[in-house]
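Participant: My structure is below; once you've seen it, I'll send some questions.
Bear in mind these aren't lab numbers, they're just calculated from the coordinates by the rules spelled out. Nothing here was measured: the structure is a model prediction, and the numbers come from that model. Cβ atoms come from the backbone with ideal geometry, glycine included; neighbour counts cover every protein chain shown.
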Amino acid sequence: LTLQAEVSQLEGSLEATDTPHFPPYLIPDTSCLCDSLHLVKQLTQSGKGILIIPISVIDTLDFLKKESMGAREAIRWLEAEFRRGNRYIRAQKSSEKVPDHMPKNLKKNNRDLWSMYEIFSCARYLAQQGENISSGHMVAVLTSKDLGRTSAPPTFQKLLANCHQDGISMEKISSFANKWLDTLKSKG
């Protein structure tokens with residue numbers, strides 16, 4: 001019986017290393033919620049990770065709601081999920097951020113870049129909370145933007161590199177959803 005338990009334990013540890021690690025925290029940016037809400041919904045329904053909605057994303061959705069139907073739809077969905085008490089989705093708490101060296105007046109001068117700084121501040125906080133997880137990333141920041149074509153300032157590129165070292169990945173939502181939803185279906 002002891003040998004069987006040991007074999008089962010070893011098989012379990014092998015399975016854990018063979019399969020990719022699903023990040024426990026998923027953070028969508030504004031473009032992700034406006035342009036790819038159906039994929040965000042699918043990831044939320046999978047029940048594998050907790051979707052954290054940063055305060056800056058909520059602020060930006062509110063700013064865009066007059067001109068963007070996608071922003072209005074995302075706001076309605078988020079409000080419904082928050083009211084329903086979905087345990088796989090929640091808003092960022094005001095304490096869930098790390099101090100950073102954000103340029104002054106960034107929100108006023110470049111709202112998109114400000115939002116990304118805020119998103120990564122939240123992601124870095126969450127990644128620090130799970131330092132004991134060694135395999136894979138703790139946090140995945142999801143976007144619908146084409147990451148290969150984004151021309152970001154050098155300060156943002158440095159921030160992105162630091163976040164990667166902290167256990168944070170930034171991925172295009174379509175690629176991330178395809179990879180994980182297929183993996184989850186094959187296990188299911």
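Participant: List Ser121, Ser94, Ser174, Ser46 from most exposed to least, where exposure is judged by having the fewest other Cβ atoms within 10 Å.
Facilitator: Ordered by Cβ neighbours within 10 Å, fewest first: Ser94, Ser174, Ser46, Ser121.
Participant: Just in the range 37-132: which chymotrypsin sites (Phe, Trp or Tyr not before Pro) are loop by DSSP and have at most 16 other Cβ atoms within 10 Å? Please list the in-between numbers first.
Facilitator: On the way: sites: Phe63, Trp77, Phe82, Tyr88, Trp114, Tyr117, Phe120, Tyr125; in loops: Tyr88.
Passing both the DSSP loop test and the Cβ count: Tyr88.
Participant: Please compute the volume of the convex hull spanned by the alpha-carbon atoms of the range 16-111 and report it per residue in Å³.
Facilitator: Here the figure is 140 Å³ per residue.
Participant: List the relative contact order of the range 27-187 as a percent without decimals, with contacts defined as Cα pairs under 8 Å and 6+ residues apart.
Facilitator: For the range 27-187, the relative contact order is 28 percent.
Participant: Give the Cα extents of the range 27-187 along the principal axes, in whole Å, largest first.
Facilitator: Result, largest extent first: 44, 42, 33 Å.
Participant: With a cap of 14 neighbouring Cβ atoms within 10 Å, and only residues DSSP puts in a loop, list the GluC sites (Glu not before Pro) found in the range 62-108.
Facilitator: Those satisfying the criteria are Glu67.
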